[in-house]
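Values quoted throughout were computed directly from the atomic coordinates according to the rules given, and no laboratory measurement underlies them. Being a predicted model, the structure only gives us computed values, none of them experimental. Here the Cβ is made from the backbone with ideal geometry for all residues, glycine too, and neighbour counts use every protein chain on show.
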Amino acid sequence: MLPRLSLHCLLFAILLQLFWMTPTAFAKDRLAGPVPAVVQRVIDGDTLEVRARIWLDQEILVKVRLANIDTPELARPGCPSERVMAEGAKALVEQMVGAGAITLHDIHYGKYAGRVVARVETKEGGLAPALKAANFDGRSWC
């Protein structure tokens, strides 16, 4: 019989393998949600790192790309004005997530491994609609 800690580690490893290490096996799957999560950090206007509760006493740290929005690039802006807009989009998201409690809806794999795409809601509403209302959505900023 395995010690209790080892059994928990084994189960966690199996969950990781099933849900995060083989995205092609579940590429068509979607999780409707809501999945409760806490924001660990805002990477930029359309990407968050969150701790999501996936099971009883089981949480994962994952990057979430906001669905239905494309904000200016903070990491590699095309010009100085895009950088300014990207900082504004990030600041708006940081303000909206506040203490960090959010819910994820319509979760599915993105095009990059280890990152999912989801509709993200706070108590005040969705992040993507707020970013669109503030004119941070997919246009040329240069």
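Some points to look at:
- Inside region 48-87, residues that are outside any strand (DSSP E or B) and either at positive phi or touching a Pro at 6+ places or on another chain (Cβ under 8 Å) (or both) make up a count of 6.
- Of all the residues in region 88-111, those that are part of a loop (DSSP other than H, G, I, E, B) and without any contact (Cβ under 8 Å) to a residue 24 or more places away in the chain number 2.
- Answer from ALA101, ALA67, ALA91 - the residue that is aliphatic (A, V, I, L, M) and either touching a Leu at 6+ places or on another chain (Cβ under 7 Å) or crowded, with 20+ Cβ neighbours inside 10 Å (or both): ALA67
- Matching residues, region 70-82, being out of contact with any Phe, Trp or Tyr (no Cβ under 7 Å at 6 or more places or on another chain), over 19 Å from HIS108 (Cβ atoms) and surrounded by 14 or more Cβ atoms within 10 Å (Cβ to Cβ): GLU73, LEU74, PRO77
- Identity of the residue in region 131-142, under 21 Å from VAL117 (Cβ atoms) and in contact with an Asp or Glu (Cβ under 8 Å, 6 or more places away or on another chain), that ends up surrounded by the fewest Cβ atoms within 10 Å (Cβ to Cβ): GLY138
For every residue, the table says whether it meets (1) within 13 Å of ILE69 (Cα to Cα); (2) aromatic (Phe, Trp, Tyr); (3) under 10 Å from the mean Cα position of the chain (by Cα).
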| site | (1), (2), (3) |
| --- | --- |
| VAL97 | no, no, no |
| ILE107 | no, no, yes |
| GLY114 | no, no, no |
| ALA118 | yes, no, yes |
| LEU127 | yes, no, no |
| ALA130 | yes, no, no |
| ASN135 | yes, no, no |
| GLY138 | yes, no, no |
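- Every test in (1) out of contact with any strand residue (DSSP E or B) (no Cβ under 9 Å at 6 or more places or on another chain); (2) aliphatic (A, V, I, L, M); (3) loosely packed, with under 15 Cβ neighbours inside 10 Å is passed by MET85 save one, and that test is (3).
- Pick from region 55-64, criterion crowded, with 16+ Cβ neighbours inside 10 Å and hydrophobic (A, V, I, L, M, F, W, C), ranking: nearest to ALA134 (Cα to Cα): VAL64
- Residue satisfying all of: in region 26-47; acidic (Asp, Glu) and in a loop (DSSP other than H, G, I, E, B); surrounded by the fewest Cβ atoms within 10 Å (Cβ to Cβ) among these: ASP29
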